[in-house]
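Read through the structure below, which is laid out as structure tokens, and then see the notes.
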Amino acid sequence: MTAPYQIIEKYYPKDSRAAEILVIHSEAVARKAAIIAGYLNLSPEMTAFIYEASILHDIGIIFTNAPDIGCHGEYPYICHGFKGHDLLVEEGLPHHALVCERHTGAGLTIKDIDNQHLPLPRRMMVPVSLPERIIAYSDKFFSKNPDRLQQERSFEEVLSSMRRFGPQKAAIVTEWHKEFYRSV
């Protein structure tokens, strides 16, 4: 398998703002996800997958129009998950691709897509597997804002942010929190 950083280098100009922000953000998410994998005593193989998928979970940002983070693509930012999915499927990484597609918020249902008129394919984009849930959860703690890249939010800040999308989304993140920290 191609290492995650080699895939990033294939699609992101070296030393670009987008590459720097992607890598710093993704490494912060990967560290948090690795801590959770340790708490849950996951196998070395699953922990390695979680690390790789964490590094690649936002690879689709390059296709979006987000100039503050150095991305000048044609798609709205909300599309980065499914665009990353498509890219990783082409790279032969279908399980990593599912992490990309399913990590946004607490997941996006077809009802969410329809009700919010999101420019996304009409399909369930909800974290299902344990690695998908761990990475989606870990991602909530870190921004891609260049001024706060490595600053971890508190769980209360994450919950407050998720409440903007409805109490059910905050409840999902709360369930993940309980699931991941039950043994701590």
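Scanning segment 1-44 for residues that are over 14 Å from the mean Cα position of the chain (by Cα) and among the polar types (S, T, N, Q) returns T2, Q6, S16, N41, S43.
In the list N145, N115, which residue meets the criterion of being exposed (fewer than 14 other Cβ atoms within 10 Å of the Cβ) and touching a residue at least 24 places away in the same chain (Cβ under 8 Å)?
On the way: N115 fails: touching a residue at least 24 places away in the same chain (Cβ under 8 Å).
It is N145.
Residues that are under 15 Å from V29 (Cα atoms) and out of contact with any strand residue (DSSP E or B) (no Cβ under 6 Å at 6 or more places or on another chain): does segment 65-73 have at least one? Within segment 65-73 (the criterion being under 15 Å from V29 (Cα atoms) and out of contact with any strand residue (DSSP E or B) (no Cβ under 6 Å at 6 or more places or on another chain)), the answer is no, since none of the residues qualifies. Taking segment 94-183 and the helices (runs of 4 or more DSSP H) fully enclosed by it, the elements with 1 or more residues that are within 16 Å of the chain's Cα centre (by Cα) and over 29 Å from G70 (Cα atoms) are at 130-139, 167-180.
Which members of segment 51-75 meet the condition of being among the acidic types (D, E) and either out of contact with any helix residue (DSSP H, G or I) (no Cβ under 9 Å at 6 or more places or on another chain) or outside any loop (DSSP other than H, G, I, E, B) (or both)? Talk me through it step by step, then tell me what you get.
Narrowing segment 51-75 to residues among the acidic types (D, E): 52, 58, 68, 74.
Residues satisfying the conditions are E52, D68.
Residues of segment 1-50 that are within 15 Å of S138 (Cα to Cα) and outside any helix (DSSP H, G or I): L40 alone. Among the conditions (1) buried (at least 24 other Cβ atoms within 10 Å of the Cβ); (2) out of contact with any strand residue (DSSP E or B) (no Cβ under 8 Å at 6 or more places or on another chain), the only one that E90 does not satisfy is (1).
Looking across segment 136-149, just one residue is among the aliphatic types (A, V, I, L, M) and more than 18 Å from R182 (Cβ to Cβ), and that is L149.
Computed from the coordinates by the stated procedures, all read-outs in this text should not be read as laboratory data. Computed from a predicted model, the values in this text were never measured in an experiment. Neighbour counts are summed over all protein chains in view; Cβ atoms, including those assigned to glycine, are modelled from backbone coordinates with ideal geometry.
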